[in-house]
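The values are calculated or read from the model by the stated rules, or taken from the named source; none is laboratory data. Please read all numbers here as calculations on a predicted model, not as lab measurements. Methodologically, a virtual Cβ is constructed for each residue, glycine included, from the backbone with ideal geometry; neighbour enumeration extends over all protein chains shown. Just so you know, the surface numbers come from the protein's heavy atoms only, side chains and all, with ligands and any DNA or RNA stripped out. Shrake-Rupley method; radii C 1.70, N 1.55, O 1.52, S 1.80 Å.
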Amino acid sequence: MEKVDIKSLTIEELKQELAGMGEKPFRAGQIYEWLHVKLARGFDEMTNLSKDLRNKLEERFEFVSLKMVEKFESQIDGTCKFLFELADGSIIESVLMKYQHGNSVCISTQVGCRMGCRFCASTLGGLERNLRVSEMLDEIYSIQRISGERVSNVVLMGTGEPLDNYDNVVRFLHMLTDEKGLHISQRNITVSTCGLAERIRDFADEDFAVTLALSLHAPNNEDRRKIMPIANKYNLDEVLAACDYFYDKTGRRISFEYSLVEGVNDNAEQAMELVRLVKGKNCHINLIPVNPIKERDYKRSTGKNIQNFKNILEKNRINVTIRREMGADINAACGQLRKSYKDKLTRQGGEVQS
Ligand code: SAH
């Protein structure tokens, strides 16, 4: 019989599993706490369970625990980037950022990505597979364990498109915010999407009080299609209507991400077009100086253009910030660390799953 992934089970499901094994329901509470509060690394750590029960659990369940293969720490601001290996040999990356208001972890939601955004390293090798609930949870648990830091904020902005791994992401959010688990506040979670309009509407109906970040990156369909293939499937009207729906349902202000690429989306006319596009919406625009990747010849906008773009938005009373660069000395755009690690293994003739 195939083993059940215990860290992906809600407490109700765990209770049922244990009932099926003839165990008392309170055991489920104990085990859930070991998994999701005490962040145990294996059944042998669950010392308030009998040896006999631990053996039974071992037989029945799979215990997902990520293996850290590399860690890079910024000397400037303490940002840490982690590479983790999954049970099947896949490699993913996650980041810990330390802010005054608390520690934030940026997690991956898929191994690779199939969205194809032109400036993004995560999508270069395509999608390998979705991450499981347990794997996403364990990105946070592992980082909290390794760093000894309490994590208060989580952003789904690493490799992958969260809404393309919809069911697992929704379950992950329920478990992450569950008061019997790590109990992260929904308000401290941001889900970033390249704009799967129908899924944004479904997600609004889940009624999470999380922040939705939309990767906009261009103020019109024509420019957007040049850098984001998803824009061929959903036009801006459809995507923005879905964001309005999310706002109406949840009351949560939308965050628009706009990565500035020299000569592609950073001129004054485009800034004005962006003003017209979002005027009147309760939103916030996050300008991200693009992180160039070596496989493409996109360049970061100049400091002058970035400032100019921001000034135009501000003059028109649009909420805007330029994203502070974290860990500049371990600089690696989304997915670049993972990719360079895989390239290195390939060069060395090492085994690497893809
Ligand atoms: N798939 C989701 C989340 C992952 S990427 C999404 O598209 O939103 C998180 C953000 O980083 C997105 O806005 C993405 O477009 C942006 N991004 C990706 N590669 C980048 C790069 N090289 N430079 C700047 N921003 C980048």
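Across segment 82-91, what is the total count of residues that are more than 17 Å from residue 151 (Cβ to Cβ) and part of a strand (DSSP E or B)? If you could, list the steps in order and put the result at the bottom.
Going through segment 82-91, the residues more than 17 Å from residue 151 (Cβ to Cβ) turn out to be 83, 85-91.
Now restrict to residues that are part of a strand (DSSP E or B): 83, 85, 91.
Number satisfying all stated conditions: 3.
When the residues of segment 30-81 are narrowed to those that are part of a loop (DSSP other than H, G, I, E, B), of a type in the set (A, V, I, L, M, F, W, C) and on the phi < 0 side of the Ramachandran plot, which ends up most open to solvent (accessible area, probe 1.4 Å)?
76
Please work out if residue 293 is hydrophobic (A, V, I, L, M, F, W, C) and modelled with pLDDT of 95 or more.
The answer is no for residue 293.
From the residues in segment 256-306 that are within 15 Å of the ligand (Cβ to nearest atom) and basic (Lys, Arg), which one is most open to solvent (accessible area, probe 1.4 Å)?
294
Where residues in segment 93-109 are over 15 Å from residue 74 (Cβ atoms) and modelled with pLDDT under 95, which of them is most open to solvent (accessible area, probe 1.4 Å)?
Looking at the filtered set, the residue picked out is 100.
Within segment 56-67, which residues are touching a Leu at 6+ places or on another chain (Cβ under 9 Å) and closer than 16 Å to residue 136 by Cβ?
Within segment 56-67, 63, 64, 66, 67 qualify.
Farther than 29 Å from residue 119 by Cα and either touching a Ser or Thr at 6+ places or on another chain (Cβ under 8 Å) or in contact (Cβ under 8 Å) with a residue 24 or more places away in the chain (or both) - does that describe any residue in segment 208-227? Reasoning before the result, please.
So the first thing to find is which residues in segment 208-227 are farther than 29 Å from residue 119 by Cα, and the list is 208-209.
Adding the requirement that they be either touching a Ser or Thr at 6+ places or on another chain (Cβ under 8 Å) or in contact (Cβ under 8 Å) with a residue 24 or more places away in the chain (or both) leaves 208-209.
Yes, segment 208-227 has at least one match.
Could you grab me the full set of residues in segment 203-213 that are part of a strand (DSSP E or B) and surrounded by fewer than 22 Cβ atoms within 10 Å (Cβ to Cβ)?
The answer is 211, 213.
Restricting to segment 194-209, name every residue that is within 15 Å of the ligand (Cβ to nearest atom), more than 13 Å from the chain's Cα centre (by Cα) and hydrophobic (A, V, I, L, M, F, W, C).
Within segment 194-209, 196, 197, 200, 203 meet the criteria.
Test residue 191 against the stated conditions and say whether it is open to solvent by 10 Å² or more (accessible area, probe 1.4 Å), within 12 Å of the ligand (Cβ to nearest atom) and part of a strand (DSSP E or B).
No.
Mind checking which residues of segment 68-105 are in contact with a Leu (Cβ under 8 Å, 6 or more places away or on another chain), of a type outside the set (Val, Ile, Thr) and within 16 Å of the ligand (Cβ to nearest atom)?
Here is the first cut: in segment 68-105, the ones in contact with a Leu (Cβ under 8 Å, 6 or more places away or on another chain) are 68-72, 79-86, 91-93, 103-105.
From what is left, the residues that are of a type outside the set (Val, Ile, Thr) are 68, 70-72, 80-86, 93, 103-104.
Hits for segment 68-105 are 81, 93, 104.
List pairs: first residue in segment 1-19 and more than 10 Å from residue 32 (Cα to Cα), second residue part of a helix (DSSP H, G or I) anywhere in the structure, Cβ distance under 6 angstrom, at least six positions apart or on different chains.
Close Cβ pairs satisfying both conditions: 5/134; 8/133; 8/134; 18/27; 18/28.
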